[in-house]
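K.L.:
The structure follows.
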Amino acid sequence: MGVKYLSDYTPGEGGTIARIVGEGTLQQRLMEMGVLEGTSLEVVRVAPLGDPMEIEIRGYKLSLRKSEASCVEMEA
Amino acid sequence: MTATASPPSETRTSRVALIGNPNTGKTTLFNALTGLNHRTGNYPGVTVEKKTGMLDERIEIIDLPGTYSLAAHSPDEMVSVDLLLGNLDKEPRPDLAVVIVDASNLARNLYLVTQVMELGLPVIVVLNMADAAQNAGVTISEEGLSSALGVPVVSTIANRGEGLSKLKDNIKVYLKAEAPNPPWHWPDEISKELDTLTSQYRDVDFLLTRALIDEASAAETAIKSTFGGEAVKALAEARSRIKAQGRPPAALEAKMRYAWIDEALRNHTQKIATGPSASDRADAILTHRFFGTFLFAGLMILVFMTIFEWAGPIMDLVDTTFAYAQEIVGRWFAGSALEGGMLHSLLVDGIIGGVGSVLIFLPQILFLFMFIAILEDCGYMARAAFLMDRLLRFCGLSGHSFIPMMSSFACAIPGVMAARTIANPRDRITTILVAPLMSCSARIPVYVIMTAAFVPAIRIGGFLSLQGLVFAGMYFVGILVAIPVAFLFKRTLLKGPTPPFVLELPAYKRPDIKTVLIRVLEAGKAFVIRAGTIIFMISVIIWGLNYFPHADEISQRFETQRTEAKTSLKASVLEERLAEIDNLEAGAHQRNSYFATMGHFVEPAFRPLGWDWKISMATLAAFPAREVIVSTLGIIYNLGGDLDVNEEKDRTLLIQQLKASTWPDGRKVFSLPVALSIMVFFALCCQCGATIATIRRETNSWKWAGFSFAYMTILAYVGALLTYQIGSLIG
């Protein structure tokens, strides 16, 4: 059982963030928006064309591309 | 440098900075606090618009752009930080920062609050949308939150005007308050480095902290320009030391703030579980995997149809008004020595005619602004970006570019202005550069004439009209060219790292009519003033080139014809003949004008496109406003300049003339390949002074406006060339 990332999640799945991978502007933006280790979230839906995905986190809805979600490592 | 402002005195205007996350009702609050007297302007060197208003004669409010954080990664984002620190030239430091917060979304909103509280300014927190919070089952203790933060907290429902007087009172009191003492503390890894750095580089605490945490950011650039490369090196070394201890500084910052925020919310707010909100239920359909896109497409079509439906009659009204104005002015000259003279022509044809031909698009522009404002205010705009993102990634852009490009199908001006919502400057400029390729409604007259005249009126498979297909095809030309062009720009000129698409999907809310109307009025005003001045100048110049030299011999020749007619004809026959002579005279003067000389001059360049000098001239004349081509062609072919493409009679007349037109050696000028090449040229060329003026305003530079014009002209030329050459080979 390998490491699971947010990009692997499907609508309805939820979990807690283990850590944010990488150190660039994207990661900083995500953390500023409340996407950081220890935060719980749930995937609401995926856009019709398969990308981006919409999550519910800290009481609001956030959309991010799968490529961006792939830097959010989830707890097993 | 952190400047300390002198305390507000009796004589100086106090300044209040209004800042907050997007979608918090900040605009509504700003409008409610300042009434309708806003002033807009520009901060030098960036595309951020400066917006200020007066709370009363003593207190000025500065509306800063919505943002999630003070970590600035671009000059545009840095403007707010610089303004709050008092580092902007000619912008004195504000005396107070008011942070507006969405009460139904407290956690993320408080992040910005904690940053603003570190600036060294007094702060007031406005808990807006208190009603939405209630509906979401959230109860907040204002006093609790206020004592936890150490700053006043005021609840408001801005769109209902509730809480505003309490807020105004608080503002007046807290203008003179002390800066707060933040109750959260940097973790050791960071505070240790900050202590060393701030003792070395004095008086720049906030910027230094930001430069340390935000790697290679605008703050670092600011530090570098003040303290040089060694400061940058010190920062880099400090950063690596922090990273070596486990986490990058940005992660430590986020952890510190949210840890404090989570604790404060636990202590001072309560949430009762509610079922899916109305907003959630709406989204279940609107962003549904299958229905979502259909509904979206349906909505877009509906919006466009409505715009054309509503704008139509109003445009006719504008047309009539301007025609009436021309008549009235014409009457001033009737019987006088100046009749039919230069001044007469300048006023009637040049100014009224020219300005009218562009203002006639104002109704469409206003309706488009209105729809865009409604979509944005109600929250659907974000869903549009969400649905379309995958598609737009083909061009290297994001879902944010969809509405600007879509709007450009009606008119590029609102489209280019709508690009303001695109945060990333490179994406924004690419969108602005590519938006005019979407065939706007001004191109329709050209498509109609050329298709009706030269595309065979046959039906494919018995029902698909070939003419209709070609017409629709022209729209696709723009789209199909835009994709590789956008892609190319993003790979070359506007190259840069892919910006994050992280996007908040705000809860749906009823759009606030006042906010929408104010936005529409401001946009309309901006268009009329800015584009209007340029259009005015261009109209006069074009008129001049068309009118002069206005040779006397030509006038004489037709005056003779008029006298003859008056002796031999009567009543309606006479009137018709006189009108005909007017058109013939106009045509003769036109063919003798400087413009015509220019047309002849450039003809060799356009011959490979299959164009003769008349087409070249009409195209040149259409550069400031493309719909002018119809009236120009009308004049050249002696039909007068008042042709209406929608009138069958006028259309037939013009088409007859075009079909009969020949080169000196007798060959027909017009053919299907020529018609197609003309349409392709118009599809791809930016023949709209108003759009260029808007691009200049939105990019705050002539560089991009000029580049826009240049690249589209080249693109149009090459496109038309290929169309004609290939078309002639096939056909």
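K.L.:
Report, to the nearest whole %, how much of the accessible area of chain B belongs to carbon and sulfur atoms, 1.4 Å probe, protein only.
P.N.:
The nonpolar share, carbon plus sulfur, comes to 61 percent.
K.L.:
Now for a different question. Could you give the angle, 0 to 90 degrees to the nearest 10, between helix B:229-244's Cα long axis and the longest principal axis of the Cα atoms of chain B?
P.N.:
60
K.L.:
So, with +1 on the Cβ of K and R and -1 on the Cβ of D and E, and no other charges, what is the size of the charge dipole of the stretch B:530-685 about its Cα centre, to the nearest 20 debye?
P.N.:
Roughly 380 debye, rounded to the nearest 20.
K.L.:
The stretch B:65-108: which residues show an accessible-area loss of 50 Å² or more, assembly versus chain alone, 1.4 Å probe?
P.N.:
Flagged in the stretch B:65-108: B:73, B:108.
K.L.:
Rolling a 1.4 angstrom probe over the protein heavy atoms, how many square angstrom per residue are accessible across the protein assembly as shown?
P.N.:
Here the residues of the protein assembly as shown average 44 Å² of exposed surface.
K.L.:
Whole number please: convex hull volume per residue, Cα atoms of the stretch B:196-317, in Å³.
P.N.:
It is 306 Å³ per residue.
K.L.:
List the lysines whose alpha-carbon lies under 28 Å from that of residue B:168, not counting same-chain residues fewer than 8 positions away?
P.N.:
The reachable lysines, counting only those whose Cα sits under 28 Å from residue B:168, are B:26, B:50, B:51, B:90, B:176, B:509, B:514.
K.L.:
How many angstrom lie between the C-alpha centres of the stretch B:90-149 and the stretch B:581-660?
P.N.:
62
K.L.:
With a/c under 1.5 counting as rounded, go ahead and sort chain A into rounded, prolate or oblate using the C-alpha gyration tensor (a ≥ b ≥ c being the square roots of the eigenvalues; past the cut-off, prolate if a/b is larger than b/c, else oblate).
P.N.:
Values: a/c = 1.29, a/b = 1.17, b/c = 1.11.
It comes out rounded by the Cα gyration axes.
K.L.:
Ok, one more. Whole-Hz Karplus ³J(HN,Hα) for the stretch B:91-102, in order, using 6.51 cos²θ - 1.76 cosθ + 1.60 and θ = phi - 60°, x for Gly and Pro?
P.N.:
Once rounded to whole Hz, the list reads 10, x, 5, x, 8, 7, 10, 10, 9, 8, 10, 7.
K.L.:
Still on this structure, I have one more. Would you mind calculating the relative contact order of chain B from Cα pairs under 8 angstrom and at least 6 residues apart, reporting the percent as a whole number?
P.N.:
Across chain B, relative contact order equals 10 percent.
K.L.:
Next question. Counting only protein heavy atoms, probe 1.4 Å: which residues of the stretch B:382-403 lose 10 Å² or more of accessible surface in the full assembly compared with their chain by itself?
P.N.:
B:386, B:387, B:389, B:390, B:391, B:393
K.L.:
Please report, in debye to the nearest 20, how large the charge dipole of the protein assembly as shown is about its Cα centre when each Lys and Arg carries +1 at its beta carbon and each Asp and Glu carries -1 there.
P.N.:
Roughly 980 debye, rounded to the nearest 20.
K.L.:
Would you list the P(r) distribution for chain B, with all Cα-Cα distances sorted into 10 Å bins from 0 and each bin expressed as a whole %?
P.N.:
2, 12, 20, 21, 16, 12, 9, 5, 2, 0, 0
K.L.:
Taking the radius of gyration and the Kirkwood hydrodynamic radius from Cα positions alone, what is the Rg/Rh ratio for the stretch B:305-420, to two decimal places?
P.N.:
1.22
K.L.:
Which one of B:120, B:221, B:717 is farthest out on the positive end of the charge dipole of chain B, using unit charges on Cβ (Lys, Arg +1; Asp, Glu -1) and the Cα centre as origin?
P.N.:
Value: B:717.
K.L.:
Please give the per residue volume of the convex hull enclosing the alpha carbon atoms of the stretch B:629-731, rounded to a whole number of Å³. Don't jump to the answer; show the numbers that get you there.
P.N.:
Details: hull volume 13.2 nm³, N = 103.
Dividing the Cα hull volume of the stretch B:629-731 by its residues yields 128 Å³.
K.L.:
Short version: which residues of the stretch B:498-531 lose at least 20 Å² of accessible area, all chains versus chain alone, 1.4 Å probe?
P.N.:
Residues losing area: B:500, B:501, B:502, B:503, B:504, B:505.
K.L.:
Let me ask something additional. Pop out the ³J(HN,Hα) list for the stretch B:534-546 in order, Karplus 6.51 cos²θ - 1.76 cosθ + 1.60 with θ = phi - 60°, rounded to Hz; leave Gly and Pro as x.
P.N.:
Calculated HN-Hα couplings, in order: 5, 4, 4, 4, 5, 4, 5, 4, 4, 4, x, 5, 6 Hz.
K.L.:
Straight distance only, please: which aspartates and glutamates reach the Cα of residue B:495 with their own Cα at less than 17 Å, same-chain residues fewer than 8 apart left out?
P.N.:
B:427
K.L.:
How tilted is helix B:552-568 with respect to the longest principal axis of chain B? Cα atoms for both, answer in degrees (0 to 90, nearest 10).
P.N.:
Here the helix axis deviates by roughly 60 degrees.
K.L.:
Sticking with this one: About its Cα centre, how strong a charge dipole does the stretch B:415-533 have in debye, to the nearest 20, once Lys and Arg get +1 and Asp and Glu get -1 at the Cβ?
P.N.:
240
K.L.:
Output the Kirkwood hydrodynamic radius of the stretch B:457-586, Cα pairs only, in Å rounded to one decimal.
P.N.:
Computed over Cα pairs of the stretch B:457-586, the Kirkwood hydrodynamic radius comes out at 23.0 Å.
K.L.:
Let me check something: with ligands and nucleic acids excluded, how do B:476, B:487, B:707, B:595 order by accessible area (1.4 Å probe), largest to smallest?
P.N.:
So, going from the largest accessible area down, we get B:476, B:487, B:707, B:595.
K.L.:
B plus A alone minus the pair: what accessible area, both sides summed, probe 1.4 Å, in Å² to 100?
P.N.:
When B and A are taken together, about 3300 Å² of accessible area is lost.
K.L.:
Averaged across the residues of A:40-49, what count of C-beta atoms belonging to other chains lies within 10 Å of each residue's C-beta?
P.N.:
Per-residue shielding by partner chains comes out at 5.
K.L.:
Per residue, how much space in cubic angstrom lies within the convex hull of the C-alpha atoms of the stretch B:390-440?
P.N.:
So the per-residue Cα hull volume is 61 Å³.
K.L.:
Straight-line reach from residue B:271: which lysines have a Cα under 20 Å away, not including same-chain ones fewer than 8 places off?
P.N.:
Candidates past the 8-residue exclusion: A:61.
K.L.:
Here is a follow-up. Calculate one ³J(HN,Hα) per residue across the stretch B:419-428 by plugging θ = phi - 60° into the Karplus curve 6.51 cos²θ - 1.76 cosθ + 1.60, and present them in order as whole Hz with x for glycine and proline.
P.N.:
Once rounded to whole Hz, the list reads 5, 4, 6, 7, 5, 6, x, 6, 5, 5.
K.L.:
Could you tell me the accessible area of residue B:406 in Å² (1.4 Å probe, neighbours in place), rounded to the nearest ten?
P.N.:
40
K.L.:
Could you give the angle, 0 to 90 degrees to the nearest 10, between helix B:249-268's Cα long axis and the longest principal axis of the Cα atoms of chain B?
P.N.:
70
K.L.:
Ok, one more. Whole Å is fine, so just give me how far the alpha carbon centre of the stretch A:1-42 lies from that of the stretch B:16-34.
P.N.:
For the stretch A:1-42 versus the stretch B:16-34, the Cα centre distance is 31 Å.
The values are calculated or read from the model by the stated rules, or taken from the named source; none is laboratory data. Owing to the predicted nature of the structure, the values given are computational and were not obtained by experimental measurement. No Cβ is skipped: glycine too gets one built from the backbone with ideal geometry, and neighbour counts run over all protein chains shown. Accessible surface is based on the protein model in full, side chains and every heavy atom, while ligands, DNA and RNA are left aside. Shrake-Rupley method; radii C 1.70, N 1.55, O 1.52, S 1.80 Å.
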